[in-house]
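**Q** Encoded as structure tokens, here's the structure I'll be asking about.
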Amino acid sequence: MKYNSQKLAYWFFALSMLLLTLQIIYGFIMAFAHMGFDGLHEFIAFNTARAVHTNLLVVWILSGFMGAAYYIIPEEAEHELVNVKLAYVQLISLALVGVVAIIGYHFNYWEGRKFLEIPRPLDYLVVVNVLTFLGIIVTTLYKGKKRTTTSLVLTMGLVFAALLYLPGMIWFDNQTMDSFFRWWVVHLWVEGVWELIMGGILAFLLIKITGVDREVIEKWLYVIVGLTFISGILGTGHHYYYIGVGKTWLIVGGIFSALEPLAFLAMALFAVSMYRKGEKKHPNKIALSWTLGTAITSFVGAGLLGLAHTLPQVNMYTHGTLVTAMHGHLAFWGAYGMIVFAIISYTLPNLTGRKLYDSTTGLLAFWLSNIGMLGMTVAFGVAGVAQVYLERKMGMDFGDVQKEIEVHFFVLAICATMFATGIGFYIYEFIKYGQPSKEAIQN
Amino acid sequence: MLSKSQARTFFLGGTIITFVVFLGLSWTSLTKEVPKRTHEENLTADVIAGKHLWESNNCMGCHTILGEGAYYAPELTKVVERRGEGYMRAVLSSKVPWAPRSRKMVAHNFNEVEVEQLIEFFKWIGNIDLNGFPPKPDYKSTNNLK
Ligand code: HEM
Ligand code: HEM
Ligand SMILES: [Fe+2]
């Protein structure tokens, strides 16, 4: 680390790890409910567990992105963050809003719109929080010596992500309109602007780890984010097939969303070829594993498993089944979970001054969590495909089908245990590193 | 080979063009298609109140509607057609968790007015033109054909 204010990143990463732990606990509650063990029903009904699980997911990833930005922007702009005290206030308020929302979900205080369950009054606090964050980032960038493509793409992603939160706050009487604009948040986030954030972090990591010339890396970064938007914006249409809008979306959504995997393919090829090309071999092998891992796993989870159900003829049958959950898990994990892990693994030694590269715990964490998540994806996939055939093709009743596929949730729970063990190792390592120190500053 | 500034032009140009097309298509959909396909004229106060109940209780946290939501409980887009109003009244007003095959639904304990509002909401949802969703099961056993 070169700037003292970069230490802030550590606390955002720590919050991220804490929320991830809670997310996993609620994941298990749902997996058990699917197996038929819903003993917690009275206190934590399924809809509570689900809202907590998915909202914690979004918040831990956002917290990771914010930490990443607080680390990357000073280094790229060659300037200390402008207002560190305010940034700590922002951190604490982010944690508070998250906690209040999650407690609220246990007491029927929510908005009941998938992924956007945060009640309206808290939405405004989220907006203030994110504006504060962006203010600090943009001012630092403005005052800094340099404005690199990497930092601009990252910042652009963060600014657009904030703007796109707003359509989700409009109230509609018509369910179709509600759904239409909900996708401007959910889809345009994960298949649009978040890819800019991911691309920016990935470019930063590749520059640092492989030592390949910045100009080359940033050129490909533009190509990747170009592919993202060209396919992803009109690709929103893959959520408009069956919600009450016209048939044009079947064609537009089908064609453009089928092109979306190209951006992820480009990201995977980009990471691997920069790694091959790089002469400098950075000793931080764990960070390298996560960096290549995120590029490849996101292509599988988002690209391939997204493509698997994105054509209207297929989506007609898979829409709103466990097939979606299969894709949702590997896509979120591969693209956004793993990029956060990559930046944490890269920055921790720099923040704390302890160079625990190459540790067995770190490698175990990588392999256990990834193999576990792949297993979970398969379990959801088998359950989902069975559900599609039995319910949508054969016409069996929903509940009878659920009884038939209960067994796959045992498999899910076993793989989830493996995943959680990997995460446990990762967090153990995180704690072992200790807190950031002044001595770690190097020029 | 491609230069960095060409790559930037590709990014900016592509984004602006697709975004403008996207806004145009969205505008046509929302102004021309949605009012007709969703029968906006039937959006009565009861339907809207029903939607509000649907949201404030996070029904989408277990069920799907228009194929969106969670995968723990049945898809409800065509529930009126599938189950009928009598069955729905029983489920919605139940004082203990409704639990067919032992999987429990939250006992929302809705009052009579609320139950009717929810049913009106589902009737309105059931009438939206969804391009054929949910699909009709089309399996026929060939063994039983004489
Ligand atoms: C990192 C990127 C991605 C993430 C995190 C992601 C995540 C998700 C999630 C969470 C859902 C469920 C949303 C909901 O029902 O509210 C979903 C749905 C969907 N995704 Fe993705 N996705 C990604 C990329 C892609 C790509 C590239 C494609 C296509 C090639 C795709 C195709 C789909 C489709 C077709 C659905 C709708 C499923 C349904 O009809 O139920 N996704 N995605
Ligand atoms: C111990 C680990 C986990 C378990 C057991 C688990 C289990 C589940 C279950 C049972 C659901 C609900 C499916 C339904 O509606 O019926 C769910 C939803 C979801 N989980 Fe997890 N999960 C775990 C970890 C994760 C992780 C690490 C991520 C992301 C990185 C994640 C992302 C999601 C998403 C995006 C959804 C919503 C999917 C959709 O609506 O299509 N989960 N999870
Ligand atoms: Fe999408």
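The values are calculated or read from the model by the stated rules, or taken from the named source; none is laboratory data. Bear in mind that the values here come from a model prediction, so they are computed numbers and not experimental data. No Cβ is skipped: glycine too gets one built from the backbone with ideal geometry, and neighbour counts run over all protein chains shown.
**Q** Among the helices (runs of 4 or more DSSP H) lying completely within region A:170-279, list those that include at least 1 residues that are of a type in the set (Ser, Thr, Tyr) and touching a Ser or Thr at 6+ places or on another chain (Cβ under 8 Å).
**A** Values: elements: A:175-188, A:194-210, A:214-235, A:248-259, A:261-277.
Correct list: A:175-188, A:214-235, A:248-259, A:261-277.
**Q** Let me ask something else. Starting from region A:141-170, keep only residues that are surrounded by fewer than 14 Cβ atoms within 10 Å (Cβ to Cβ), then list their pairs with residues that are in a loop (DSSP other than H, G, I, E, B) and at pLDDT 95 or above whose Cβ atoms are within a distance under 6 Å, requiring at least 6 positions of separation or different chains.
**A** Every condition considered, the pairs that remain are A:Lys143/A:His79; A:Lys145/A:Glu78; A:Lys146/A:Glu78.
**Q** Residues of region A:40-64 being more than 21 Å from A:Leu94 (Cα to Cα) and polar (S, T, N, Q), which ones? Even if it seems obvious, please write down each step before you answer.
**A** In the first step, residues of region A:40-64 are kept if they are more than 21 Å from A:Leu94 (Cα to Cα); the result is A:40-47.
Listed by number, the list holds a single entry, A:Asn47.
**Q** Can you tell me which of A:Ala101, A:Ala31 is within 14 Å of another protein chain (Cβ to nearest Cβ), farther than 24 Å from A:Tyr428 by Cβ, assigned to a helix (DSSP H, G or I) and under 23 Å from the mean Cα position of the chain (by Cα)?
**A** On the way: A:Ala31 fails: farther than 24 Å from A:Tyr428 by Cβ.
Exactly one of A:Ala101, A:Ala31 is within 14 Å of another protein chain (Cβ to nearest Cβ), farther than 24 Å from A:Tyr428 by Cβ, assigned to a helix (DSSP H, G or I) and under 23 Å from the mean Cα position of the chain (by Cα), namely A:Ala101.
**Q** How many residues does region A:214-232 contain that are surrounded by 24 or more Cβ atoms within 10 Å (Cβ to Cβ) and facing chain B (nearest Cβ under 7 Å)?
**A** Residues in region A:214-232 being surrounded by 24 or more Cβ atoms within 10 Å (Cβ to Cβ) and facing chain B (nearest Cβ under 7 Å): 2 in total.
**Q** Which of (1) touching a residue at least 12 places away in the same chain (Cβ under 8 Å); (2) at the interface with chain A (Cβ under 9 Å from one of its Cβ atoms); (3) under 14 Å from the mean Cα position of the chain (by Cα) is the odd one out, the single condition B:Met105 does not satisfy?
**A** Single failed check for B:Met105: (3).
**Q** Quick check on my filter: what residues within region B:53-69 are free of Cβ contacts under 8 Å to residues at least 24 places away in the same chain and either out of contact with any His (no Cβ under 7 Å at 6 or more places or on another chain) or more than 16 Å from ligand 3 (Cβ to nearest atom) (or both)?
**A** First, the residues of region B:53-69 that are free of Cβ contacts under 8 Å to residues at least 24 places away in the same chain: B:55-56, B:58-61, B:63-64, B:68-69.
Answer for region B:53-69, where residues must be free of Cβ contacts under 8 Å to residues at least 24 places away in the same chain and either out of contact with any His (no Cβ under 7 Å at 6 or more places or on another chain) or more than 16 Å from ligand 3 (Cβ to nearest atom) (or both): B:Glu55, B:Ser56, B:Asn58, B:Cys59, B:Met60, B:Gly61, B:His63, B:Thr64, B:Glu68.
**Q** Which of the numbered conditions does B:Phe121 fail, given that it passes all the others? Conditions: (1) of a type outside the set (A, V, I, L, M); (2) at the interface with chain A (Cβ under 9 Å from one of its Cβ atoms); (3) out of contact with any helix residue (DSSP H, G or I) (no Cβ under 6 Å at 6 or more places or on another chain).
**A** Looking at each condition in turn, B:Phe121 falls short on (3).
**Q** Does region B:26-45 contain any residue that is more than 21 Å from A:Gln175 (Cα to Cα) and facing chain A (nearest Cβ under 7 Å)?
**A** The initial filter retains those residues of region B:26-45 that are more than 21 Å from A:Gln175 (Cα to Cα), namely none.
Looking for residues that are more than 21 Å from A:Gln175 (Cα to Cα) and facing chain A (nearest Cβ under 7 Å), one finds none in region B:26-45, hence no.
**Q** Right, here's the next one. Within region B:80-95, is there a residue that is modelled with pLDDT under 95, outside any helix (DSSP H, G or I), of a type outside the set (Ser, Thr, Tyr) and more than 12 Å from the chain's Cα centre (by Cα)?
**A** Scanning region B:80-95 turns up at least one residue that is modelled with pLDDT under 95, outside any helix (DSSP H, G or I), of a type outside the set (Ser, Thr, Tyr) and more than 12 Å from the chain's Cα centre (by Cα).
**Q** Does region A:326-347 include one or more residues that are in contact with an Asp or Glu (Cβ under 8 Å, 6 or more places away or on another chain), among the β-branched types (Val, Ile, Thr), more than 14 Å from ligand 2 (Cβ to nearest atom) and part of a helix (DSSP H, G or I)? Quick ask: steps written out before the conclusion?
**A** Filtering region A:326-347 down to residues in contact with an Asp or Glu (Cβ under 8 Å, 6 or more places away or on another chain) leaves A:335.
This time we only want the ones that are among the β-branched types (Val, Ile, Thr), so: none.
No, because not a single residue in region A:326-347 is in contact with an Asp or Glu (Cβ under 8 Å, 6 or more places away or on another chain), among the β-branched types (Val, Ile, Thr), more than 14 Å from ligand 2 (Cβ to nearest atom) and part of a helix (DSSP H, G or I).
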